[in-house]
C-alpha cells in the first residue's frame, strides 16, 4: 500500500513540460540522433503528402481545360494506377536526405544564433523575439538549401509530369539529369533558381515567423506564460503546435501559389519556341492561356498540401527534437 502511495505521489509530482521548454534549442540536441530520426520520420511524412504534390504539379503544367484536383487525381489513377500518384517519390525521398541535413542544421544554428544575440534586449517582447529568430532562421535555411534542392526539384517535377504535352519523356531520374545537362548544361538543373531563392526565402521566413508568433499567441490566449506556474501537458503542446503549423501553412499557400505556378512551369516545360524559357515568358503564357486565374492553377491541392504539410511537418519536427534531446547530466554527490 505504501509503495502504491509513493508511486502515485511521484507521478503526481512529476513536472510537466515547461512552456519555456516547448522550443528546444540546438545546444540541447544529440545531433546524430536528430538527423537519423529526422530522415526516417520526414520520409514517412513525405510519402503521405506526395500524391497532392503530383496533382498540384500536373494542374500547373496542364492546359487551361484542366479543372479540379479530384478529376486530375482520378485521371492519374485510371491511366497509371497507384504508381502514377507516387511518380518521383523515390528520387525525392532518397535525394532529400542530404538536403534535409543541410536545411535542419542551418535552421537550428541560425535560430539559436539570433535568440542568443537578442536575449539581452529587454525592449523586444518575447513573442516578437522568438518570431524574429524563427523568421531569420527560415530565410537562411531556405537560401542554403536552395543550392541543393532546386536541381532535385527540377528532376522530380519532370518525372511527375511525364506524358503531358510540352514535356520531354524520360526513363528515370538519371535520364532526366542526362537530358537536361545535354540540352542546357548544368544551368538547366537550376531553372527557376533565382525565382525560388528570391521569393521562397521570404516565404520561408513568413512561414516560420508566423508559426512562432501563432504558437505564442495561442499559448497566451490559453493563459500560459513563462513566469507563471501553469505548465502545458504534452497533448496540449502537440495540439497548439499543430494548429500553429496549419495556420502558417495555409497563409503561406495563399501568398506563394502564383510564384510556385510560374516556377513549376519554368522548370518542366520545353515547348516555348526559340530561346531559353524565362520567368517573363512563362508568366505571359499563363496569362494568355487562362487569365490571372492561371496563376492559381493547382491552388486547391497546394492549399491542402501546405496546410497538411504545415501541421504534420511541425508535429514531426518537434517530435524529432524531443526524441533527440541529450540526457541531462547526473550529479553524483
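All of the numbers you see were taken from the coordinates with simple rules; none came from a lab. Predicted, not measured: the structure shown is a model, and the values here were computed from it. Heads up, the Cβs are rebuilt from the backbone with ideal geometry, glycines too, and the neighbour counts pull from every protein chain shown.
Observations, loosely collected:
- Between residue 49 and residue 280, the simple spin-label model (points 7 angstrom out along Cα→Cβ) gives 3.5 nm.
- When each of the peptides 105-111, 28-34 is scored by how many other beta carbons lie within 10 Å of its residues on average, the order from highest to lowest is 105-111, 28-34.
- For the range 47-133, the calculated P(r) over all alpha carbon pairs, in 10 Å bins from 0 to the bin holding the longest distance, is 14, 27, 18, 19, 16, 5, 0 percent.
- Dividing the convex hull volume of the alpha carbon atoms of the range 24-320 by its residue count gives 143 Å³ per residue.
- Value of Rg to Rh for the range 181-311 (Rh from inverse mean 1/r over Cα pairs, i.e. Kirkwood): 1.15
- Placing R0 at 56 angstrom, the Cβ-Cβ distance between residue 231 and residue 147 gives a FRET efficiency of 0.85 after rounding to 0.05.
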